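The values are calculated or read from the model by the stated rules, or taken from the named source; none is laboratory data. What you see is a predicted model, and the numbers here were worked out from it, not measured in a lab. With ideal geometry, Cβ positions are generated from the backbone for all residues, glycine too; neighbour counts draw on all protein chains shown. The accessibility values were calculated without ligands, DNA or RNA, using every heavy atom of the protein model including side chains. Shrake-Rupley method; radii C 1.70, N 1.55, O 1.52, S 1.80 Å.
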Amino acid sequence: MGNWIQDMFGTDKALIGLCHFLALPGDPLYDEDGGMEKVYETARTDVLALQEGGIDGIHFSNEFSMPYMLQANLETVAAMAELIGELKRDVRVPFGCNVISDPKAGVALCAVTGAGFIRGTFTGAYATNMGICNSEGGECASCAITWGGTI
């Protein structure tokens, strides 16, 4: 088995830029007036700037879906899938994504968007600002087999 970073990004030390989506539908801080168009335009500006800056990959995340939930709203995951689908037109580097605090939803999101990698905690219990979490590693692994990406 080779070095997955080298295989995916063509370098031994990849610089991965973060594209944090503004609050999404279903999130308490979602800007209904700006709507998904505002979220999309902000993310697109970030994607273009990151690539112009020379990053090797992009990681999409729902960073502003606060407070985070152990099981993401369906609206949040659907909105992320739509955004990534639209942004892929401008993405020229490998990309990954995650749904914060919901690794199973993150793996599913990667599968439907064609992401090559994910960030998250997939096994065991761990302490967070939301209390003790259990990531349901078996379910994440089952989803990952279907996806075929890199956890």
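Some values worked out for this structure:
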{"item": "Simple label model, 7 Å out from Cα along Cβ direction - Leu15 to Glu82, nm", "result": "3.4"}
{"item": "Rounded percent of accessible protein surface that carbon and sulfur make up, segment 8-76, 1.4 Å probe", "result": "54"}
{"item": "Heavy-atom SASA rank of Glu37, Glu86 (probe 1.4 Å, accessible area, largest first)", "result": "Glu37, Glu86"}
{"item": "Relative contact order of segment 1-98, defined on C-alpha pairs under 8 angstrom at six or more residues apart (%)", "result": "37"}
{"item": "Local electrostatic count at Glu32 - Lys and Arg +1, Asp and Glu -1, tallied over other residues with Cβ under 13 Å", "result": "-4"}
{"item": "Protection-proxy order for peptides 103-116, 67-80, each taking the mean of Cβ atoms within 10 Å per residue, highest first", "result": "103-116, 67-80"}
{"item": "Label-point gap, in nm, between Phe64 and Glu41 - each point 7 angstrom along Cα→Cβ", "result": "1.3"}
